[in-house]
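*Asks:* Provided herewith is a single structure, encoded as structure tokens, for subsequent inquiry.
The values are calculated or read from the model by the stated rules, or taken from the named source; none is laboratory data. Please read these numbers as outputs of a predicted model, since none were measured by experiment. Positions of Cβ are generated from backbone atoms using ideal geometry, with glycine treated the same way; all protein chains shown enter the neighbour counts.
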Amino acid sequence: MRHLSRRAPYILAALALAAGTFVADSGQSSAATTYNVTTGAYNGTRSAASTVVGEWTCSGLTTNRLAAIMLSIPVWEIAGGSSSTSSSPMTLSRWDGWSSSKNRPLYSHTEYPSYKRAHWNPGVGLWQLDTWAATLHLNHGQRANARTGGLEVARYLRDGYCSGTSTLKSRLNGNWFGCRTDKCYNTYLSMYNSSNDSLRVNKTSGSQYDGGVTNRSCRWGSGSSWTCYYYNTNAYEGYMDVTDPNGDGARTPLAAPFLSFTTSNIKRAAWLRGSTGYDKEIVKAARTTENARYSSVYSSTNGWYDWTSLQVWKCTSSCWWSTWGP
């Protein structure tokens, strides 16, 4: 079973990675490439790797080596093999395809044909976390967080490394579309400098390990509040595929800014009037135990509905509960 998104959000067939000839057994390449990584993506990834290595590790697997394995994935899954492109933890998948009937519940087109960018992009973040059982319960904001989503990725790759080269290759090639034919494995060998246990990376601007997703407080009506996440796709750090936002061409829609949150074991994405320009609030819901493609919440509408009762704590010169969103 393939656990992660099989649709890379950005594909550049013409790009090739000039990383030299690799010597797999030594974990080092005869030629090396320096890779651009936003500071936040680097720090978040390394934090997750450090936590997982601290749980347990095996001979040769250090925090930096595990971080290099992890960071090799967005090079191909997001940046199409470009070492100069700094991928964003906020990246949303753009190639899920309306032509596939299993993806149609992700689109708001059926229930709300005028609101194309109220769209549930399933693949989220540096590792395009989607239908993997270990992260299925996380909402968009939590999956975008390199520390939160990165923990399960780190554990999966640690176990693969410690089981041998063939297992690590199999886990990379089989679970990430962009990693096929050992692309990510070879990039890891180029990125990791085994002679001094360091990474060949250039840390670029963009300090947030969540890429720019911000915490807010939400509530229903006058009820108690909870943490929600404002996913402003206009404020990403690093690279994100923002072309063709309505998905009129080959790409799927790029979600307009939305709130992501989980309550009562249901994860939701909510597009509010104040942040989208829409004339109503539009919501997609899915249980934390299910794939949003097969949502059984409000099953007659594939998890889509609208409302006016959600409020967000908003502050400018003063603070108040706003029904119009961030």
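*Asks:* Evaluate segment 32-55: report whether one residue or more is in the same structural domain as N186 (by TED's automatic domain parsing), at pLDDT below 95, in contact with a helix residue (DSSP H, G or I) (Cβ under 9 Å, 6 or more places away or on another chain) and within 17 Å of N196 (Cα to Cα).
*Replies:* Within segment 32-55 (the criterion being in the same structural domain as N186 (by TED's automatic domain parsing), at pLDDT below 95, in contact with a helix residue (DSSP H, G or I) (Cβ under 9 Å, 6 or more places away or on another chain) and within 17 Å of N196 (Cα to Cα)), the answer is yes, since at least one residue qualifies.
*Asks:* Let me ask you something else. How many residues are part of a helix (DSSP H, G or I), within 17 Å of Y185 (Cα to Cα) and among the aliphatic types (A, V, I, L, M) if we restrict to segment 50-87?
*Replies:* The initial filter retains those residues of segment 50-87 that are part of a helix (DSSP H, G or I), namely 50-55, 63-77.
Keeping just the survivors that are within 17 Å of Y185 (Cα to Cα) gives 63-77.
Then drop every residue that is not among the aliphatic types (A, V, I, L, M), which leaves 66-71, 73, 75.
Residues that pass the stated criteria total 8.
*Asks:* For segment 147-174, which positions are buried (at least 24 other Cβ atoms within 10 Å of the Cβ) and at pLDDT 95 or above?
*Replies:* The answer is G150, V153, A154, L157, L172.
*Asks:* Sticking with this one: Against the conditions (1) over 23 Å from T131 (Cβ atoms); (2) surrounded by 17 or more Cβ atoms within 10 Å (Cβ to Cβ), where does S295 fall short? Just the number, please.
*Replies:* (1)
*Asks:* Please work out which residue is surrounded by the fewest Cβ atoms within 10 Å (Cβ to Cβ), limiting yourself to segment 90-111 and to residues that are of a type in the set (S, T, N, Q) and in a loop (DSSP other than H, G, I, E, B).
*Replies:* This residue is S99.
*Asks:* Could you list all residues from segment 214-252 that are touching a His at 6+ places or on another chain (Cβ under 8 Å) and within 27 Å of A67 (Cα to Cα)?
*Replies:* Within segment 214-252, Y229, Y231 qualify.
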